[in-house]
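The values are calculated or read from the model by the stated rules, or taken from the named source; none is laboratory data. No experiment lies behind these values; they were computed from the predicted model shown. Backbone-built Cβ (ideal geometry, glycine too); neighbour counts: all protein chains shown. Calculation scope for accessible area: heavy atoms of the full protein, side chains included, ligands and nucleic acids excluded. Shrake-Rupley method; radii C 1.70, N 1.55, O 1.52, S 1.80 Å.
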Amino acid sequence: MQTNAQDLHFSQFINSPLISNPANTGFIPDGDYRLGVNYRDQWSSIMAIPYKTTSAFGDVQLLRNKFETGWIGLGGVLLHDVAGSGNLTSTKFYGSIAYHQLVGTGSLVSAGFNIGWANKQINVTNLKFPDQFDGKFFDNKLPTSVSLSSNNVNYLDVQLGLNYAYFPNEKTYFNAGYSALHVNKPRESFFVASGGIDNRVPVRHTGFINASFLINNQWIINPNIYFTTQAKSVEGVGGFNAQYNLSGDGEYQLVGGIYYRHKESIIPLIGLMWKDLKATFTFDATVSSIKNYNNGRGALEFSIIKQGILDSYRGNKKQSLCPTFKN
């Protein structure tokens, strides 16, 4: 028997930068440090034990005062996911580093990688196997021939990424990036390795395109496209969000937007920016055939990000490469 699955992911890919691409480490629009938390609750409408994914990340810019046209980004990410009645639990921690180099007056090239430790474990107590079917029901009290060599696996994981940003003026910004995750193809299985079965994690390829346009003193529009593929699993998400200047000085902003995951869901977004803190909420409204079973209730997701200035000297300089309401 062969099964396929996809990596952990968030609908708010724009708010999980270090997961999307390690080259994002230290690429911080309005500060020199950033802290964030993401939470996703999926399939709670059709599963007794839904999928719950949590991440926490932080990154900081280093040596920007020493390099006239470049800097180093250093950060870390913690991922935790619990799925299904077997409590399949994934815990991953990555350390991430990137270098950012300004090219001319309107371009930035970035390259980064992260390396980390991953753990997966499963509780087989509540699982049911084919030979436990008595003709009418599954009874996990019956003996089974299925044998796990271990219910706990650990491995090393490596990802690489590249980014390019173009900002011809203060009102316009474009950004494109590519990353390859699990480039070392780590071995991941609860069973003894056997011939003809590939139990290595396949490389996951991810690309994105972002843009930002300052329309006037009240509106900034941010279109985004995200695409990822791993083995035979493909995901594409596209849409936009808009920032509305509530306070006139950019200290308070309302955020709203809409995204679409191809053949799967419509994802409305709403949020609030308060000084250096941003909180956003999304809801995955299922449009695929699964909507007949979950009534369109796919996933709830919440993120909160704080970014600010640690270096008071550089805090007096113009920091943001992206369009901003703040002077």
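Contact map, segment 253-276: first residue without any contact (Cβ under 8 Å) to a residue 60 or more places away in the chain, second residue among the charged types (D, E, K, R) and open to solvent by 20 Å² or more (accessible area, probe 1.4 Å), Cβ cut-off under 8 Å, separation 6 or more or different chains; pairs are 255/278; 271/278; 272/278; 274/251; 275/251.
Taking the criterion of being at pLDDT 95 or above and buried (at least 18 other Cβ atoms within 10 Å of the Cβ), the residues of segment 38-52 that qualify are 38, 40.
Within segment 294-303, restricting attention to residues that are touching a residue at least 60 places away in the same chain (Cβ under 8 Å) and out of contact with any Gly (no Cβ under 7 Å at 6 or more places or on another chain), the residue that is nearest to residue 274 (Cα to Cα) is 302. When you check residue 241 against the structure, is it within 20 Å of residue 17 (Cβ to Cβ) and either at pLDDT below 90 or not charged (D, E, K, R) (or both), yes or no? It is true that residue 241 is within 20 Å of residue 17 (Cβ to Cβ) and either at pLDDT below 90 or not charged (D, E, K, R) (or both). Taking residue 10, is it part of a loop (DSSP other than H, G, I, E, B) and either in contact with a Lys or Arg (Cβ under 7 Å, 6 or more places away or on another chain) or of a type in the set (S, T, N, Q) (or both)? In short, yes.
Condition first: of a type outside the set (A, V, I, L, M, F, W, C), out of contact with any helix residue (DSSP H, G or I) (no Cβ under 8 Å at 6 or more places or on another chain) and either modelled with pLDDT under 90 or open to solvent by 10 Å² or more (accessible area, probe 1.4 Å) (or both). Can you find one or more residues in segment 13-29 that meet it?
Within segment 13-29, one or more residues are of a type outside the set (A, V, I, L, M, F, W, C), out of contact with any helix residue (DSSP H, G or I) (no Cβ under 8 Å at 6 or more places or on another chain) and either modelled with pLDDT under 90 or open to solvent by 10 Å² or more (accessible area, probe 1.4 Å) (or both).
Considering only segment 286-294, I want to know if a residue exists there that is among the hydrophobic types (A, V, I, L, M, F, W, C), open to solvent by 20 Å² or more (accessible area, probe 1.4 Å) and not in a strand (DSSP E or B).
Restricting attention to segment 286-294, the residues satisfying the condition of being among the hydrophobic types (A, V, I, L, M, F, W, C) are 287, 290.
Checking which are open to solvent by 20 Å² or more (accessible area, probe 1.4 Å) leaves us with 287, 290.
If we keep only those that are not in a strand (DSSP E or B) as well, we get 287, 290.
Yes, segment 286-294 contains at least one residue that is among the hydrophobic types (A, V, I, L, M, F, W, C), open to solvent by 20 Å² or more (accessible area, probe 1.4 Å) and not in a strand (DSSP E or B).
The number of residues in segment 163-191 being over 25 Å from residue 112 (Cα atoms) and either in a loop (DSSP other than H, G, I, E, B) or under 20 Å from the mean Cα position of the chain (by Cα) (or both) comes to 5. Within segment 229-257, the set of residues being out of contact with any Leu (no Cβ under 8 Å at 6 or more places or on another chain) and in a loop (DSSP other than H, G, I, E, B) comprises 231, 232, 247, 248, 249, 250, 251. The one condition from (1) open to solvent by less than 20 Å² (accessible area, probe 1.4 Å); (2) within 17 Å of residue 29 (Cβ to Cβ); (3) not charged (D, E, K, R) that residue 179 does not meet is (2). Scoring residue 194 on the criteria (1) in contact with a Cys (Cβ under 7 Å, 6 or more places away or on another chain); (2) of a type in the set (Ser, Thr, Tyr); (3) not in a strand (DSSP E or B) leaves a single failure, condition (1).
Evaluation of residue 226 against the conditions (1) surrounded by fewer than 19 Cβ atoms within 10 Å (Cβ to Cβ); (2) more than 23 Å from residue 50 (Cα to Cα); (3) of a type in the set (Ser, Thr, Tyr) shows that the sole unmet condition is (1). Taken across segment 209-221, residues that are open to solvent by 30 Å² or more (accessible area, probe 1.4 Å), within 30 Å of residue 72 (Cβ to Cβ), in a loop (DSSP other than H, G, I, E, B) and in contact (Cβ under 8 Å) with a residue 40 or more places away in the chain do not occur at all.
Within segment 197-208, if we keep just the residues that are open to solvent by less than 90 Å² (accessible area, probe 1.4 Å) and part of a loop (DSSP other than H, G, I, E, B), the residue that is nearest to residue 249 (Cα to Cα) turns out to be 203.
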